[in-house]
1. Please go through region 12-38 and give me each residue that is more than 18 Å from Val211 (Cβ to Cβ) and outside any helix (DSSP H, G or I), ordered by number.
2. Look through Gln38, Gln25 and report the one residue that is of a type in the set (S, T, N, Q) and closer than 30 Å to Glu255 by Cβ.
3. How many residues does region 361-405 hold that are basic (Lys, Arg) and within 30 Å of the chain's Cα centre (by Cα)?
4. Across region 125-159, what is the total count of residues that are among the β-branched types (Val, Ile, Thr) and either loosely packed, with under 15 Cβ neighbours inside 10 Å or not assigned by TED's automatic domain parsing to the domain that holds Ser81 (or both)?
5. Being in the same structural domain as Leu213 (by TED's automatic domain parsing), in a strand (DSSP E or B), within 21 Å of Ile174 (Cβ to Cβ) and hydrophobic (A, V, I, L, M, F, W, C) is the requirement here; does Ala47 meet it?
6. Residues that are at pLDDT 95 or above: find the helices (runs of 4 or more DSSP H) completely inside region 321-402 holding 2 or more of those.
7. Checking the conditions here, which among Thr421, Thr430 is out of contact with any helix residue (DSSP H, G or I) (no Cβ under 6 Å at 6 or more places or on another chain) and within 27 Å of Val362 (Cα to Cα)?
Amino acid sequence: MCGIVGVVSHSPVNQLIYDALLLLQHRGQDAAGIATSQGSTFSMHKANGLVRDVFRTRNMRSLPGTMGIGQCRYPTAGSSSEEEAQPFYVNAPFGIVLAHNGNLTNWEQLKIEMFRNDRRHINTTSDSEVLLNVLAHEIQQATTGYSLDPSTVFQAVASVHRRVRGSYAVVAQIAGYGMLAFRDPHGIRPLCIGINETPDGKEYLLASESVALEGLGFRFLRDVAPGEAIFIDLDRNLYSQQCAETPELAPCAFEFVYLARPDSVIDGASVYHARLKMGEYLAEKIRREIPAGDIDVVMPIPDSSRPSAIELALKLNLDYREGFIKNRYIGRTFLMPGQAIRRKSVRQKLNAIGSEFKGKSVLLVDDSIVRGTTSLEIVQMARDSGAKRVIFASAAPPVKYPNVYGIDMPTRGELIAHGRTVEEVCREITADRLVYQDLDALKRSISDANPALKDFEASCFDGKYITGDISRDYLDHIENVRGNPAPMNEDMVRSPLALKKLASVE
């Protein structure tokens, strides 16, 4: 999961990109990077850390130009090495820098293809570097001379769609030509574009979420369609084309549950409105399962569950209280690597107000339960503060399956709901009762925010992988890599499973 941004302006873009990354910081806390262009020359700075820590005044001064891209990263593929911070750069053809949000499911096979057939060397274990080199190769194949035009760029993106599997929202710069953005044929990860009318002409901003556009004074233009590519040349002319053969919009449901900011609108659906509806539908289920007198007060687990908890309390006619106070200087525990770090950070991040718990039967509402680490600690904090009964509710369904499209939940053994019943999960987190949202209700919550949305990528809830290339063997492999990070070798590629995948790519 990452936040990406691309800016085409009439004035220096370094500050604009920096400010946009601050607005997208919730999407990645591990690393940040900016690449700008002046003529045909790129300038770039990237490092591990939060945006505010990576960029100092001297770094900003070294990023001249009126066009640029940026990324804040949370790694779900590759490693946390500073070398894998984005953007990535390749010098041929033309010179390209690229930032990517998502996860390629066939990147290891593509890496071998790059070496064998395309004669390109991949220097890291990042799928984003693979994606950059696939794009560069396809641009080189599509180019007949030494110049580049939008139709050639779109031809290359169409070839990328045919070769690449997984989720990807991309912003890239091509030296001396302009900016390119495109989205995978299912639109799993979000990408939108905004416009700013100035006396000097139009300026454009592409970003993972609409909040980055609004915060910088750009007018929201539209979402980038699944499979679509947008090219903005050096004269600020915008070209767009559908480059996928069978595009079908199926955005990631977990964006609406947790990842996105509530003030964003993704694919025409307000995240805030969707979370309110999650609370409404969850209230209906709680009314059916728990007697009205068994709950004294409703409390959210700050912050992303707050809209759902407020609406739930309203629908059940129960008191709503803020029982936990959040330390704003501790990052999102979901994005922290390692169970021990997450467990320690929960106590540092949240502090209970004892008077709100003492002698009460409390209903705690969280956006989701993934690993269960946070839930267990929070239930214990409520009991330590004097709660006589702790009921836990999740605004999302049980997370039972790995997500392979850019969210860090890839190992089945890490998921508390995998292979367990609701009652067993309830015992694991030591709650008195546990209520999960139904998957149909979750999807309905998002569709209520935009009725045009019919399909969703919800594999972490239902195990149905929309790209059609994920098998049990594949999941076994990525779990083995997670525990023992050795890359896929040629023998593995010759296996029946891998050969079948390669055939589907070709």
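The values are calculated or read from the model by the stated rules, or taken from the named source; none is laboratory data. In this text the structure is predicted, and so the values were computed from the model without any measurement. We place every Cβ from the backbone using ideal geometry, glycine too, and count neighbours over all the protein chains shown.
1. Once the filter is applied, which keeps residues that are more than 18 Å from Val211 (Cβ to Cβ) and outside any helix (DSSP H, G or I), region 12-38 yields Pro12, Val13, Asp30, Ala31, Gly33, Ile34, Ala35, Thr36, Ser37, Gln38.
2. Gln25
3. 2
4. Matching residues across region 125-159 total 1.
5. Numbers: in the same structural domain as Leu213 (by TED's automatic domain parsing): yes; in a strand (DSSP E or B): yes; within 21 Å of Ile174 (Cβ to Cβ): no; hydrophobic (A, V, I, L, M, F, W, C): yes.
Answer is no for this residue.
6. Ranges flagged: 354-357, 373-384.
7. Numbers: Thr430 fails: out of contact with any helix residue (DSSP H, G or I) (no Cβ under 6 Å at 6 or more places or on another chain).
Just one listed residue meets the conditions, Thr421.
A quick yes/no check of all residues on (1) in contact with a His (Cβ under 8 Å, 6 or more places away or on another chain); (2) closer than 25 Å to Lys277 by Cα; (3) surrounded by fewer than 24 Cβ atoms within 10 Å (Cβ to Cβ):
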{"residue": "Asp384", "(1), (2), (3)": "no, no, yes"}
{"residue": "Ala393", "(1), (2), (3)": "no, yes, no"}
{"residue": "Pro397", "(1), (2), (3)": "no, yes, yes"}
{"residue": "Lys400", "(1), (2), (3)": "yes, yes, yes"}
{"residue": "Glu414", "(1), (2), (3)": "no, no, yes"}
{"residue": "His418", "(1), (2), (3)": "no, no, yes"}
{"residue": "Val422", "(1), (2), (3)": "no, yes, yes"}
{"residue": "Val425", "(1), (2), (3)": "no, yes, yes"}
